[in-house]
1. Inside region A:171-225, can you point out the residues that are outside any helix (DSSP H, G or I) and crowded, with 20+ Cβ neighbours inside 10 Å?
2. Please specify each residue of region A:511-547 satisfying the condition of being within 36 Å of the chain's Cα centre (by Cα) and of a type in the set (Lys, Arg).
3. Looking only at region B:53-104, which residues are touching a Ser or Thr at 6+ places or on another chain (Cβ under 9 Å), β-branched (Val, Ile, Thr) and either more than 13 Å from chain A (Cβ to nearest Cβ) or within 30 Å of B:Gly16 (Cα to Cα) (or both)?
4. Can you tell me which residues in region B:1-49 are touching a strand residue (DSSP E or B) at 6+ places or on another chain (Cβ under 7 Å) and either in a loop (DSSP other than H, G, I, E, B) or away from chain A (no Cβ under 14 Å) (or both)?
5. Give just the number: which of (1) touching an Asp or Glu at 6+ places or on another chain (Cβ under 8 Å); (2) not in a helix (DSSP H, G or I) does A:Gly344 not satisfy?
6. Looking at A:Ile279, is it modelled with pLDDT under 90, farther than 26 Å from A:His150 by Cβ and of a type in the set (A, V, I, L, M)?
7. State whether one or more residues within region B:29-47 are more than 24 Å from B:Ala96 (Cβ to Cβ) and touching a Ser or Thr at 6+ places or on another chain (Cβ under 7 Å).
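The values are calculated or read from the model by the stated rules, or taken from the named source; none is laboratory data. Nothing here was measured: the structure is a model prediction, and the numbers come from that model. Cβ: placed from backbone, ideal geometry, glycine included. Neighbour counts: every protein chain shown.
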Amino acid sequence: MVNLVANFWWIPLYPLFGAAIIAFIRRGASVIAPLMVALSFIHGLIVYSSPRGGTLDHTLTQWMPGLPFRFAADDLSLLMVLIVSGIGLLIHIYSIGYMAKEPGFWRYFACLNLFVFFMLLLVLASNLAVLFAGWEGVGLASYLLIGFHHDRPTVNRNANKAFLYNRAGDAGFLLGTLILLSIAGNVEFSTINKLPASGLTLAAALLLALGATGKSAQLPLFVWLPDAMVGPTPVSALIHAATMVTAGIYLFARLAPFLAANPDAGLVIAILGAATSLIAATIAAVEHDIKRILAYSTVSQLGLMFLAAGLGATEAAMFHVTTHAFFKALLFLTAGNIIHALHGEQDIRYMGGLRDKMPWTFRLMTLAALSLAGFPGLAGFFSKDAILVAALKYPVFFAIALSVSFLTGAYSSRMLWAVFFGTYQRDAHEAHGNMLHTLWPLAIGSALAGYFGPHGELAWGVMLTSALVSLSGLYFGRSLRIPVVLKQLFARRWFINDAYEAVLVHAVTRKGARAANWFDSNLVDLIPHVPSSATTTLGLLLGWFDRFVVDGLVRLTAALFSLSSYPLRLVQSGRIQHYALAMVLTLALTLGWYLLA
Amino acid sequence: MSLYPITTAHYVILSGALLLIGAAGLLMRRNIIVMLMAIELILNAVNINLVAFSKHWQQVTGQVFAIFVITVAVAEAAVGLGILIALFRHRGTVIADEIDLLKW
């Protein structure tokens, strides 16, 4: 009997093998992929429920000096393992139905397994370097999955966008890691969390936060997440609920003492989170694409988590990650059912009246949306309450969190009304099989997960306020009237994406390309041009020498022979009678000489 | 020198005259056909010489040799005229001065 607890580092390996096997044999993906994630989940559950005695760790190999390839598992990691593999498992099973008729079925599942592998590697890392490996890996896997329908227009561009915005954050992450490596000599979390604060650690914390804004889709790097909606819907669910975007929050939770030692960085994170949260919530309130509404909702909720993590309430942030994983996965998968039933329609203006056609999807999505909005008693209520309590000390943050709460209720009910009520516009059918039954565990989690959170003393005042705000949001959401100017601002996404397009894509790519072209053709090309013109000149000189000196000698010799042979050549007239004359004369002379002698 | 009786000397003089006429024709005429005919004259001059001395010395070797010369002359004429026909087809002329490529 192998010791599963000591060998906890096998957890990420199952989906890695799954991805490798599927990529190799290209069949049986619908069995192998969910099975591998289920193995991870079961293994994670065993480790989680076993007595462990502190942090487990296992060094696989010495990667580089100061950077061991080491895994570690504590309650936080294992909670994330359970979220990632549990939600991941449900999404895998759901995908069997959702992706059944797609070409590239095996490719989809190989990438999905790879995604889960990298996320598990990320949460089980014992130092920033291993975490970075997983961090990059989820970026890669998300790129592959967002670009899954690579033959459709704009998909590749959006996949590239997601990847590049992530890369921008990753550059910050890498710089932060290198700074910490140069200070501490290694980047083990245990070492970093004990570092005394200094200017350098503050810089490192801010750079790591930049990395987290990229991965978790926060200001200034949040614009990729809504565009990542071109991926298949279960992928969106996976990105938003379990893997990828939670990585930033996990990083803050993992480095909580480090952030506590550098409160300025925490404040920056909280400000970024609050601003993102509010902006994304306003955009979600005017968006028409159901998946984009959910995407901006995720950005907004992640902003709340950033706010909490920045203020030091990492418990609250992780609590919200957990509940959010349930209800956001449920929202995306029910949205997937709707899109599937409407043959790819994503615009809520073309939906309506689906309540009777898809009764179970209606009930489940309503449950999830209420949980998201913070309906009292559901999971989202408790976790959002924890964040509000954390923000209580800062009136500005508290006000922003409450406004976000109101807006969350508003856009949730707006979406529900638009999709399920009103008149029929399209024919639809209820989902069945995998695509319905995988939703039950998520529904249970969305309803009840809040009761298992880290509850401090109950702040009744905050709870009451939060409940009232959410309910009023839900109530006003149906007939929300936003002034036209503001609506325009929200619908254009606060011009943030446009600004990036103008500055980064146009200025940097067009003008930058021109500048780079000038640099390349005028300066870089000097490097080949100087030796090449030297060679050309030398070649010309040598050619001249060859043509005139060497060839000259040869031709001079030939000319001398030609010249000296000229008199002799005259004898050879080619005329037969000249030769005959010569013969006759010779004979006559010979004869004459003979006779006379 | 009387013409009668005809002696060997007469033959030698005839032969020498034919040789000179042939040589002159060979050197002066530009038409290759005529030049070939001149060569025939030269050969026949030799034949007369051979036959005459054969009679003079009462030895048959000279006559045999003359027959050989006639044979060779026939062969030479055949080959020469064959070449000449080919040449005419190729160059359209039988004038020796215009066929002077074989030089240098």
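1. Going residue by residue through region A:171-225, those that are outside any helix (DSSP H, G or I) are A:185-188, A:193-198, A:216-223.
If the condition is that a residue be outside any helix (DSSP H, G or I) and crowded, with 20+ Cβ neighbours inside 10 Å, then A:Val187, A:Glu188, A:Ser216, A:Ala217, A:Gln218, A:Leu219, A:Leu221, A:Phe222, A:Val223 are the ones that fit.
2. A:Lys511, A:Arg514 - these are the residues of region A:511-547 that are within 36 Å of the chain's Cα centre (by Cα) and of a type in the set (Lys, Arg).
3. Answer for region B:53-104, where residues must be touching a Ser or Thr at 6+ places or on another chain (Cβ under 9 Å), β-branched (Val, Ile, Thr) and either more than 13 Å from chain A (Cβ to nearest Cβ) or within 30 Å of B:Gly16 (Cα to Cα) (or both): B:Val60, B:Thr61, B:Val64.
4. If we filter region B:1-49 for residues that are touching a strand residue (DSSP E or B) at 6+ places or on another chain (Cβ under 7 Å), which is where we start, we get B:30-31.
Answer for region B:1-49, where residues must be touching a strand residue (DSSP E or B) at 6+ places or on another chain (Cβ under 7 Å) and either in a loop (DSSP other than H, G, I, E, B) or away from chain A (no Cβ under 14 Å) (or both): just B:Arg30.
5. For A:Gly344, the failing item is (1).
6. Details: modelled with pLDDT under 90: yes; farther than 26 Å from A:His150 by Cβ: yes; of a type in the set (A, V, I, L, M): yes.
Yes: the conditions hold for A:Ile279.
7. So the first thing to find is which residues in region B:29-47 are more than 24 Å from B:Ala96 (Cβ to Cβ), and the list is B:47.
Restricting the remaining residues to those that are touching a Ser or Thr at 6+ places or on another chain (Cβ under 7 Å) gives none.
Checked against the condition, which is being more than 24 Å from B:Ala96 (Cβ to Cβ) and touching a Ser or Thr at 6+ places or on another chain (Cβ under 7 Å), region B:29-47 yields no hits at all.
Residues checked against (1) within 24 Å of the chain's Cα centre (by Cα); (2) modelled with pLDDT of 85 or more:
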{"position": "A:Met318", "(1), (2)": "yes, yes"}
{"position": "A:Val321", "(1), (2)": "yes, yes"}
{"position": "A:Ala325", "(1), (2)": "yes, yes"}
{"position": "A:Leu330", "(1), (2)": "yes, yes"}
{"position": "A:Thr334", "(1), (2)": "yes, yes"}
{"position": "A:His340", "(1), (2)": "no, no"}
{"position": "A:Gly344", "(1), (2)": "yes, no"}
